[in-house]
Amino acid sequence: MPLSASFLRTIRRLLPLIPIVCLFSAVLKTPEAFAAEASPKVWRIAYVEGGPFVDYQKILRGIALGLQRMGLIENGDVPVPENSEDVSAMWAWLSANAGGTTLRFLPDGFYSADWDAATRQANREKLLTRIKEQQDVDMVLAFGTWGGQDLASADIDIPVVVASVTNAVEAGIIPSVEDSGRDNLVAVIEPERFKHQVMLFHDIFKFKKLGIAYEDSSSGRSSIALNELESASRELGVELLVCNDIFDVDDPALAAARLKSCHAKLAEQGVDAVYLTYNRGMQPNTIADVLIPLAEAHIPTFSQTGESDVEHGALLSISQTNTEEEGVFNAELMAAIINGTKPRELSQVFESSVSLALNLRMATLIGWNPPLEILAAVDEFYQEMK
């Protein structure tokens, strides 16, 4: 009997974890077993990010749930704020409610730059001084490209776990998928994640011309994994049409206006589909508006960011299930570190399962009737555009 696709996906998902599972095969027997065998040291955890982002919320929740399952904390059911991308409230909740005796989320260990370059530099200096002089931080969770870059090159010896980076190699955080380059560093990476998304999108719509909008700067290109998108287009024989503008601005409304203009230009150029990349203009209160030119032209969209964009109007993306899975993977890395493994010795490779989010209202607007095989792969359905 041939192996099912779901079984093969499960095997691929588990292969990167074999070193971790071997390290604590007894650990995973029960939460009580891990608690009994874990080091008596209390690990004090700090968190650093460039600014609020919805994926950070979901991954942090996945981390908390994973830590609870392994008995490292007592309560990982941290609530995700509604209508906000802020992570600070989740961190405060974990500091007060996670419990357990193995690790602590430091109440004053949350550092966010709020996407301000000056604050970013100040936070980095403040945190590094604290680590070296006060010595009251034992592990850092570094979220996103800014967080990962700021801690990856730091002259510190405590473990750093880098999460939720578009591509940690392209961002210069790690030298390769196989090696983090530093004994104290591990950076989760899903090789060619966005290339696979474009190919999945193509499997559904068979487009010939794919449109993308992004800022043509070093950070703009790396933040959307442009190399992966170009590679997918070459392999598929698809023409990649681009619209460039300055989106990294303080005013999200200005970024949204520029993005909407780009979408109108792409529609005029005759694109068959648009891949919605990470963009300052894609905010919960702006998404429906910036997608109007594409909806009116009956052009399907796939969001790089995730199901939050689908909730507000994008046609398709990867569902929240995948993001929380990534969080659990990060929790497994943390558990292995606590159990004595050097971060550099851990596999950094995460591979998510294929599960989709679909906005049925947008499907109606563009005149698309999803086939049954697509509906079967959807975990999250949205009836409206919030």
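Output the number of the condition that Glu307 fails; it satisfies all remaining conditions of (1) among the charged types (D, E, K, R); (2) more than 21 Å from Val198 (Cβ to Cβ); (3) open to solvent by less than 50 Å² (accessible area, probe 1.4 Å).
(2)
Only one of (1) without any contact (Cβ under 8 Å) to a residue 40 or more places away in the chain; (2) open to solvent by 20 Å² or more (accessible area, probe 1.4 Å); (3) not in a helix (DSSP H, G or I) fails for Thr129. Which number is that?
Thr129 satisfies every listed condition except (3).
Out of (1) surrounded by fewer than 18 Cβ atoms within 10 Å (Cβ to Cβ); (2) farther than 17 Å from Leu200 by Cα, what's the single condition that is false for Leu294?
Unmet condition: (1).
Give the number of residues within region 258-277 that are under 15 Å from Asp245 (Cβ atoms) and among the small types (Gly, Ala, Ser).
Selection size over region 258-277: 2.
Filter region 363-374 down to the residues that are under 12 Å from Ile299 (Cβ atoms) and either in a strand (DSSP E or B) or open to solvent by 20 Å² or more (accessible area, probe 1.4 Å) (or both) and list them by number. Before you say what the answer is, go through the steps one by one.
Initial filter on region 363-374 (under 12 Å from Ile299 (Cβ atoms)): 365-368.
Listed by number, the residues that qualify are Leu365, Gly367, Trp368.
Val161 - would you say it is open to solvent by 20 Å² or more (accessible area, probe 1.4 Å) and touching a strand residue (DSSP E or B) at 6+ places or on another chain (Cβ under 9 Å)?
Details: open to solvent by 20 Å² or more (accessible area, probe 1.4 Å): no; touching a strand residue (DSSP E or B) at 6+ places or on another chain (Cβ under 9 Å): yes.
Answer is no for this residue.
How many residues, within region 267-299, are in a loop (DSSP other than H, G, I, E, B) and within 15 Å of Leu210 (Cβ to Cβ)? Write out each step before concluding.
As a first pass, look at region 267-299 and keep what is in a loop (DSSP other than H, G, I, E, B): 269-272, 277-286, 291, 297-299.
Add one more test, that the residue is within 15 Å of Leu210 (Cβ to Cβ), and what stays is 269-272, 277, 297, 299.
Here the count works out to 7.
When you check Asp114 against the structure, is it of a type outside the set (Val, Ile, Thr), part of a loop (DSSP other than H, G, I, E, B), open to solvent by less than 50 Å² (accessible area, probe 1.4 Å) and more than 22 Å from Val349 (Cβ to Cβ), yes or no?
Values: of a type outside the set (Val, Ile, Thr): yes; part of a loop (DSSP other than H, G, I, E, B): yes; open to solvent by less than 50 Å² (accessible area, probe 1.4 Å): no; more than 22 Å from Val349 (Cβ to Cβ): yes.
When the stated conditions are applied, Asp114 does not pass them.
May I ask you to list pairs of residues, at least six apart or on different chains, whose Cβ atoms are under 7 Å apart, with the first in region 340-362 being in a helix (DSSP H, G or I) and the second being crowded, with 16+ Cβ neighbours inside 10 Å and basic (Lys, Arg)?
Close Cβ pairs (under 7 Å, with a partner that is crowded, with 16+ Cβ neighbours inside 10 Å and basic (Lys, Arg)) amount to Arg344/Arg182.
Considering only region 341-365, state which residues are touching a helix residue (DSSP H, G or I) at 6+ places or on another chain (Cβ under 6 Å) and closer than 24 Å to Leu291 by Cβ.
Matches in region 341-365: Ser355, Ala357, Asn359, Leu365.
Across region 247-286, which residue is surrounded by the fewest Cβ atoms within 10 Å (Cβ to Cβ) among those that are of a type in the set (S, T, N, Q) and under 19 Å from the mean Cα position of the chain (by Cα)? Give the derivation first.
Just the residues of region 247-286 that are of a type in the set (S, T, N, Q), to begin with: 261, 269, 277, 279, 283, 285-286.
Remaining after also requiring under 19 Å from the mean Cα position of the chain (by Cα): 277, 279, 283.
On the way: Thr277: 23, Asn279: 30, Gln283: 18.
Looking at residues that are of a type in the set (S, T, N, Q) and under 19 Å from the mean Cα position of the chain (by Cα), I get Gln283.
Taking the condition small (Gly, Ala, Ser) and under 23 Å from Gly50 (Cβ atoms), does Ala256 pass? Let's see the steps before the verdict.
Details: small (Gly, Ala, Ser): yes; under 23 Å from Gly50 (Cβ atoms): yes.
So Ala256 passes the test.
For residues that are among the small types (Gly, Ala, Ser) and closer than 18 Å to Arg104 by Cα, scanning just region 49-65, find the one that is surrounded by the fewest Cβ atoms within 10 Å (Cβ to Cβ).
So the first thing to find is which residues in region 49-65 are among the small types (Gly, Ala, Ser), and the list is 50-51, 62, 64.
Cutting the leftovers down to closer than 18 Å to Arg104 by Cα gives us 62, 64.
Numbers: Gly62: 24, Ala64: 26.
Once the filter is applied, the top-ranked residue is Gly62.
Considering only region 164-256, give the helices (runs of 4 or more DSSP H) lying wholly within it that have at least 3 residues that are modelled with pLDDT of 95 or more. Please lay out each step first, then the result.
On the way: elements: 193-205, 218-223, 226-236.
Counting at least 3 such residues, we get 193-205, 226-236.
Among residues belonging to region 69-80 that are open to solvent by 40 Å² or more (accessible area, probe 1.4 Å) and in contact (Cβ under 8 Å) with a residue 24 or more places away in the chain, point out the one that is farthest from the chain's Cα centre (by Cα). Talk me through it step by step, then tell me what you get.
Within region 69-80, the subset open to solvent by 40 Å² or more (accessible area, probe 1.4 Å) is 69, 74-75, 77, 79-80.
Filter again for in contact (Cβ under 8 Å) with a residue 24 or more places away in the chain, leaving 69, 74-75.
On the way: Arg69: 21, Glu74: 25, Asn75: 23 Å.
Step by step, filter region 69-80, then rank; the result is Glu74.
Against the condition assigned to a helix (DSSP H, G or I), touching a Phe, Trp or Tyr at 6+ places or on another chain (Cβ under 8 Å), of a type in the set (A, V, I, L, M) and without any contact (Cβ under 8 Å) to a residue 24 or more places away in the chain, how does Ala92 come out, does it pass?
Numbers: assigned to a helix (DSSP H, G or I): yes; touching a Phe, Trp or Tyr at 6+ places or on another chain (Cβ under 8 Å): yes; of a type in the set (A, V, I, L, M): yes; without any contact (Cβ under 8 Å) to a residue 24 or more places away in the chain: yes.
Answer is yes for this residue.
In region 233-246, is there at least one residue being within 22 Å of the chain's Cα centre (by Cα), of a type in the set (Asp, Glu) and more than 24 Å from Asp114 (Cβ to Cβ)?
Residues of region 233-246 within 22 Å of the chain's Cα centre (by Cα): none.
Checking region 233-246: not a single residue is within 22 Å of the chain's Cα centre (by Cα), of a type in the set (Asp, Glu) and more than 24 Å from Asp114 (Cβ to Cβ).
So, in region 96-111, how many residues would count as being outside any strand (DSSP E or B) and either among the β-branched types (Val, Ile, Thr) or touching a Lys or Arg at 6+ places or on another chain (Cβ under 6 Å) (or both)?
Initially, region 96-111 is screened for residues outside any strand (DSSP E or B), giving 96-102.
Still in the list and also either among the β-branched types (Val, Ile, Thr) or touching a Lys or Arg at 6+ places or on another chain (Cβ under 6 Å) (or both): 101-102.
Matching residues across region 96-111 total 2.
The values are calculated or read from the model by the stated rules, or taken from the named source; none is laboratory data. Remember, it's a predicted structure, so these values are computed and weren't measured experimentally. Counting neighbours? That spans all protein chains shown, and the Cβs are built from the backbone with ideal geometry, glycine included. We work out accessible area using only protein heavy atoms, side chains counted, and drop any ligands, DNA or RNA first. Shrake-Rupley method; radii C 1.70, N 1.55, O 1.52, S 1.80 Å.
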